[in-house]
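**Student:** Next up is a structure, given as structure tokens.
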Amino acid sequence: MDTVTLKMVTLVAEPVLEEKLTSKLLELGAKGFTVTDSRGRGSRGIRASEVPGESVRIEVVVSAKVADAILEHVKQAFFPNYAVIAWVTTVDVVRGDKYV
Amino acid sequence: MEILKANLLSPIALAFALGIVTKLIKSEFSLPKEIYTGLSIFLLFSLGLKGGVELGHATFDSVAWPVVVTLALGCVTPLTTYFVLRVVGKFSVSDAAGIAAHYGSVSAVTYIAAMTFVKSQNAEPEGFMPTLLTLLESPGIHIALAIGAIKTAQPGQSLKAVLHEVLTARTMILLVGGLLVGLAMGEKNWGSIEGFFDTKGPVFKGALTLFLLEMGIVAGSRFGDLKKVGPFLLGFGVVMPVLHGALGTWLGTLAGLSVGGATVLGTMAASASYIAAPPAVRVTLPEANPTYYLTSSLAITFPFNILFGIPLYFQISQALHGGG
């Protein structure tokens, strides 16, 4: 099958940031995203939610350029004061035109 | 002592204590999140409905002064909290404002516990108490967040988002919406759903007991953070509610509320929100340390009010009303 190589950005963040992050993703050029509830523990430990340890995991498939823009924004706006981690993986997707 | 004992042996206080013990012995048990949410929806909507029906009976004269003192309390409590934390506790602007947002707002669960307690002491509170709860809910959060946002020079646009978030939160929809529905349907229609929603009925009391069990677990899970917050905040979490509780009870009495009503108003002023306030503070004041505001409101002030504060405010209220 014909596949296209793109970037997948994964963000794991405290739940209060979900709306802020996802609206920013679309603004920066993402066409869609997937959010799942998740649990875990990190360097900050505590969350401003009733349930400690709850997080949201946001995944988005984008071009390399948009992936860079997303990481830059997350670094500046959220890394200093919030519990957020981010990483990028290279993915081969079908129907590559859906994502860029 | 008799009153304190009656409170400590009430089903809700015991269920709450069991929840704390559950966490202290490191049990994995907790209520499924959906059931916890479902119970809180039921409790809040019941309150709103019943409050609306009762509001239909109230005269303007009986409501006016209590409304005025409630709004005054909503403006005073975040300011006193903020200045005590800044001046005495030497907290940063963000931390002081973050904690003030919690103490300026109301814990709906503490309110429900107070309502149930005074009813059990045959001191029926005024029917319009849920109206006062909704009035006290949001000014405190906004005043405290505004102080924080202005002092740390952050853009004001997020305050509008916070206002929207607080006014459209679950608590407000269920309480204010319930009030309006209750007011519109009136006493006649209330009869058809009273068996389920009656705040004095067995269904409500059972749900409240189960809910307090979970709240004990939630509070207990924060106990580990108590050593992180330092002795000042530990003392603050007990002294501040007593001062605000006495002030609220006194103002309520001046405004003409009954023994039960003044107790409930005092309890509202004494309580600290931990459901509406934390996300609002987290988004608006990111530098404020969540360990401080969550631990003081949830692990110190909340258990203190449920177990000891409510009977104390009740006794203050009795004394102010010239009995005891």
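**Student:** When you scan segment B:283-310, how many residues do you find that are surrounded by fewer than 24 Cβ atoms within 10 Å (Cβ to Cβ) and more than 16 Å from B:Phe223 (Cβ to Cβ)?
**Tutor:** 5
**Student:** Give segment B:195-251 a look and list any residue that's over 17 Å from B:Ile20 (Cβ atoms), within 14 Å of another protein chain (Cβ to nearest Cβ) and free of Cβ contacts under 8 Å to residues at least 12 places away in the same chain, or say none.
**Tutor:** none
**Student:** Taking segment B:188-232, which residues are touching a Ser or Thr at 6+ places or on another chain (Cβ under 7 Å) and acidic (Asp, Glu)?
**Tutor:** Those that are touching a Ser or Thr at 6+ places or on another chain (Cβ under 7 Å) and acidic (Asp, Glu): B:Glu214, B:Asp225.
**Student:** Does B:Ile141 satisfy being under 16 Å from the mean Cα position of the chain (by Cα), in contact (Cβ under 8 Å) with a residue 12 or more places away in the chain and closer than 19 Å to B:Leu49 by Cα? Let's see the steps before the verdict.
**Tutor:** On the way: under 16 Å from the mean Cα position of the chain (by Cα): yes; in contact (Cβ under 8 Å) with a residue 12 or more places away in the chain: yes; closer than 19 Å to B:Leu49 by Cα: no.
Against the criterion (under 16 Å from the mean Cα position of the chain (by Cα), in contact (Cβ under 8 Å) with a residue 12 or more places away in the chain and closer than 19 Å to B:Leu49 by Cα), B:Ile141 does not qualify.
**Student:** Now for a different question. Of the numbered conditions (1) closer than 18 Å to B:Pro290 by Cβ; (2) over 13 Å from the mean Cα position of the chain (by Cα); (3) surrounded by 24 or more Cβ atoms within 10 Å (Cβ to Cβ), B:Val118 fails exactly one; give the number of that condition.
**Tutor:** Condition not satisfied by B:Val118: (1).
**Student:** Being at pLDDT below 95 and of a type in the set (Lys, Arg) is the filter here, so list the residues in segment A:6-23 that pass it.
**Tutor:** Hit for segment A:6-23 is A:Lys20, nothing else.
**Student:** Wholly within segment B:1-101, which helices (runs of 4 or more DSSP H) include no fewer than the required count, namely at least 2 residues that are free of Cβ contacts under 8 Å to residues at least 40 places away in the same chain and either surrounded by fewer than 18 Cβ atoms within 10 Å (Cβ to Cβ) or over 21 Å from the mean Cα position of the chain (by Cα) (or both)?
**Tutor:** B:2-8, B:33-55, B:60-83
**Student:** Could you list, in sequence order, all residues of segment B:188-226 that are closer than 30 Å to B:Lys26 by Cβ and among the acidic types (Asp, Glu)?
**Tutor:** If the condition is that a residue be closer than 30 Å to B:Lys26 by Cβ and among the acidic types (Asp, Glu), then B:Glu214, B:Asp225 are the ones that fit.
**Student:** Also: Checking the structure you have, find out if any residue of segment B:281-297 is farther than 19 Å from B:Ala13 by Cα and away from chain A (no Cβ under 13 Å).
**Tutor:** Scanning segment B:281-297, I find at least one residue that is farther than 19 Å from B:Ala13 by Cα and away from chain A (no Cβ under 13 Å), so the answer is yes.
**Student:** What tally of residues in segment A:75-93 results from selecting those that are crowded, with 16+ Cβ neighbours inside 10 Å and out of contact with any strand residue (DSSP E or B) (no Cβ under 9 Å at 6 or more places or on another chain)?
**Tutor:** Count: 1.
**Student:** I need a count of the residues in segment B:268-294 that are of a type in the set (Val, Ile, Thr) and touching a Gly at 6+ places or on another chain (Cβ under 8 Å).
**Tutor:** 2
**Student:** Does A:Pro15 satisfy being surrounded by fewer than 12 Cβ atoms within 10 Å (Cβ to Cβ) and under 22 Å from B:Leu285 (Cβ atoms)?
**Tutor:** Answer is no for this residue.
**Student:** Can you say whether B:Leu265 is touching a Gly at 6+ places or on another chain (Cβ under 6 Å), within 11 Å of another protein chain (Cβ to nearest Cβ), surrounded by 24 or more Cβ atoms within 10 Å (Cβ to Cβ) and of a type in the set (A, V, I, L, M, F, W, C), as far as the supplied structure shows?
**Tutor:** No, not satisfied.
**Student:** Out of B:Ser317, B:Ser258, I need the residue that is at pLDDT 90 or above, more than 14 Å from every other protein chain (Cβ to nearest Cβ), on the phi < 0 side of the Ramachandran plot and surrounded by fewer than 18 Cβ atoms within 10 Å (Cβ to Cβ). Which one?
**Tutor:** Numbers: B:Ser317 fails: surrounded by fewer than 18 Cβ atoms within 10 Å (Cβ to Cβ).
Just a single option satisfies the conditions, and that option is B:Ser258.
**Student:** Does B:Thr59 satisfy the condition of being over 25 Å from B:Phe304 (Cα atoms), of a type in the set (Ser, Thr, Tyr) and at pLDDT below 95? Spell out the reasoning first.
**Tutor:** Values: over 25 Å from B:Phe304 (Cα atoms): yes; of a type in the set (Ser, Thr, Tyr): yes; at pLDDT below 95: yes.
It is true that B:Thr59 is over 25 Å from B:Phe304 (Cα atoms), of a type in the set (Ser, Thr, Tyr) and at pLDDT below 95.
**Student:** Give just the number: which of (1) out of contact with any helix residue (DSSP H, G or I) (no Cβ under 9 Å at 6 or more places or on another chain); (2) among the charged types (D, E, K, R); (3) within 14 Å of chain A (Cβ to nearest Cβ) does B:Asp61 not satisfy?
**Tutor:** (3)
**Student:** When you check B:Gly182 against the structure, is it assigned to a helix (DSSP H, G or I) and either more than 28 Å from B:Leu233 (Cβ to Cβ) or of a type in the set (Phe, Trp, Tyr) (or both), yes or no?
**Tutor:** Values: assigned to a helix (DSSP H, G or I): yes; either more than 28 Å from B:Leu233 (Cβ to Cβ) or of a type in the set (Phe, Trp, Tyr) (or both): yes.
Yes.
**Student:** Next question. Could you say which residue among B:Ile3, B:Ile99, B:Ile20, B:Ile12 is closer than 24 Å to B:Gly309 by Cβ and touching a Gly at 6+ places or on another chain (Cβ under 6 Å)?
**Tutor:** B:Ile20
The values are calculated or read from the model by the stated rules, or taken from the named source; none is laboratory data. Everything quoted here is computed from the prediction, not taken from an experiment. Because the Cβ atoms are built from the backbone with ideal geometry, glycine has one as well, and the counts that use them run over all protein chains shown.
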